Amino acid sequence: MRHHRLALCAEHFLDWFVSYTQRTIEEFHMFSSSDRLLVAVSGGKDSLALWDTLARLGYQADGLYIGLGIGGDEGYSAASQGKAQAFADAHGLTLHVVDIKKTYGESIPELARRTGRGRGKPCSVCGLVKRHVMNRVTLEGGYAALATGHNLDDEAAVLLQNTLRWQTGYLARQAPVLEATHPGLARKVKPFCRLYERETAAYALVRGIDYIYDECPHASGATTIFYKELLNRLEGHSPGTRHSFYLDFLRAKKKGQLLLPAEEEPDLHPCQQCGQPTTAPGLCAFCRLWA
Ligand code: AMP
Ligand code: FES
Ligand code: ZN
């Protein structure tokens, strides 16, 4: 790990990885040992490595798998659910499963097709539905926070996209912790935000975690992947680029050195149907989509 000037064997890498995550949790005041957590588990390497790490650190962490219905009975969603469930069973952990089709009537691809949203790609519909369900289950379960497996590569790619377009509103909000600014909003945390994707992959492999290797079939050609590749090239040229790009951004923001708009409290009120907070009059975006 050239950015840390550190080279570790398998055994010490595992120890380092777990304690580095704990230091990230403390540095960003994510949660404490008495908090009950919900981990959003996709069956991929990042979220399973996160669940594994939080359980090893002694946190009370349940999992949430959202069944999107991508790829039919033996496709991507079914296979990733299998990985998440097998991990939960092997470690004696609780996994909540929300199957979108069984709960709401249609799978993500069916909903995207019917509503014609996303120009043939279900990703925007999928993102909206996942955010709604994660928020609902976190609040209904009384969890202190929702943890996702976003890593440094994810965060740096989003930061690059937002910076290139000077999306100052998004930049003001991009953070490892999103506070629950409203009683209907769950607190969200990203304990892997300082870890490279290579590191989470190495952890999953060395630890022997069985995860789904495939990406969602709709992800190919996604813009985030393009920005990740750009950052990979920069990283190859000067190691540590992503680390300093993202962490120096967070540091400068904390010190008030970036000219970003003050975070305005949006005018939120409960959706008439589901009760989740929304800026829209009447129905929230999730309920409008289904309607
Ligand atoms: P992605 O947006 O696919 O890169 O995923 C980012 C994070 O969202 C993952 O690390 C998981 O924590 C969570 N996530 C993605 N898909 C699912 C899913 N189907 N069920 C539960 N959590 C998910
Ligand atoms: Fe949601 Fe691919 S469209 S994971
Ligand atoms: Zn609603």
**Item:** Conditions (1) near ligand 1 (Cβ under 9 Å from one of its atoms); (2) under 20 Å from Arg136 (Cα atoms); number of the one not met by Asp62
**Value:** (1)
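In the list His218, His150, which residue meets the criterion of being within 16 Å of ligand 2 (Cβ to nearest atom), buried (at least 21 other Cβ atoms within 10 Å of the Cβ) and either in a loop (DSSP other than H, G, I, E, B) or not aliphatic (A, V, I, L, M) (or both)? Full working, then the answer.
Numbers: His218 fails: buried (at least 21 other Cβ atoms within 10 Å of the Cβ).
Only one candidate qualifies: His150.
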**Lone unmet requirement of (1) modelled with pLDDT under 95; (2) over 29 Å from Thr181 (Cβ atoms); (3) surrounded by 14 or more Cβ atoms within 10 Å (Cβ to Cβ) for Lys253** = (2)
**Message:** Just to be sure I understand, how many residues within the range 188-204 are touching a strand residue (DSSP E or B) at 6+ places or on another chain (Cβ under 8 Å) and touching a residue at least 60 places away in the same chain (Cβ under 8 Å)?
**Reply:** 2
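Could you grab me the full set of residues in the range 185-215 that are away from ligand 2 (no atom under 16 Å from the Cβ), assigned to a loop (DSSP other than H, G, I, E, B) and among the charged types (D, E, K, R)?
Arg187, Lys190, Arg194, Asp210
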**Request:** Select from the range 42-67 the residues that are touching a helix residue (DSSP H, G or I) at 6+ places or on another chain (Cβ under 8 Å) and without any contact (Cβ under 8 Å) to a residue 60 or more places away in the chain and write down the one among them that is nearest to ligand 3 (Cβ to nearest atom).
**Result:** Gly67
**Asked** in contact (Cβ under 8 Å) with a residue 12 or more places away in the chain, among the acidic types (Asp, Glu) and in contact with a Ser or Thr (Cβ under 9 Å, 6 or more places away or on another chain): does that describe Asp210?
**Response** no
**Fill in**
Selection from the range 153-175 of residues free of Cβ contacts under 8 Å to residues at least 12 places away in the same chain and part of a loop (DSSP other than H, G, I, E, B) yields Arg165, Trp166, Gln167
**Request:** Filter the range 98-147 for residues that are hydroxyl-bearing (Ser, Thr, Tyr), closer than 11 Å to Leu289 by Cβ and modelled with pLDDT of 95 or more and give the result.
**Result:** Tyr104
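Results for (1) within 19 Å of the chain's Cα centre (by Cα); (2) within 26 Å of Val97 (Cα to Cα); (3) modelled with pLDDT of 95 or more, shown as yes or no for each residue.
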residue	(1), (2), (3)
Cys9	no, no, yes
His12	no, no, yes
Phe17	yes, no, yes
His29	yes, no, yes
Ser34	no, yes, yes
Leu38	yes, yes, yes
Gly44	yes, yes, yes
Trp51	yes, yes, yes
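Would you check if Lys253 is outside any strand (DSSP E or B) and over 30 Å from Tyr143 (Cα atoms)?
Numbers: outside any strand (DSSP E or B): yes; over 30 Å from Tyr143 (Cα atoms): no.
For Lys253, the condition - outside any strand (DSSP E or B) and over 30 Å from Tyr143 (Cα atoms) - is not met.
Answer yes or no as to whether Val129 is surrounded by 22 or more Cβ atoms within 10 Å (Cβ to Cβ) and within 16 Å of ligand 2 (Cβ to nearest atom). Spell out the reasoning first.
On the way: surrounded by 22 or more Cβ atoms within 10 Å (Cβ to Cβ): yes; within 16 Å of ligand 2 (Cβ to nearest atom): yes.
Yes; evaluated as a whole, the condition is true for this residue.
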**Test for Cys287: is it within 28 Å of Leu68 (Cα to Cα), hydrophobic (A, V, I, L, M, F, W, C) and in contact (Cβ under 8 Å) with a residue 24 or more places away in the chain** = no
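The values are calculated or read from the model by the stated rules, or taken from the named source; none is laboratory data. Just so you know, these numbers come straight off a predicted model, no measurement behind them. Note: ideal-geometry Cβ built from the backbone for every residue, glycine included; neighbour counts use all protein chains shown.
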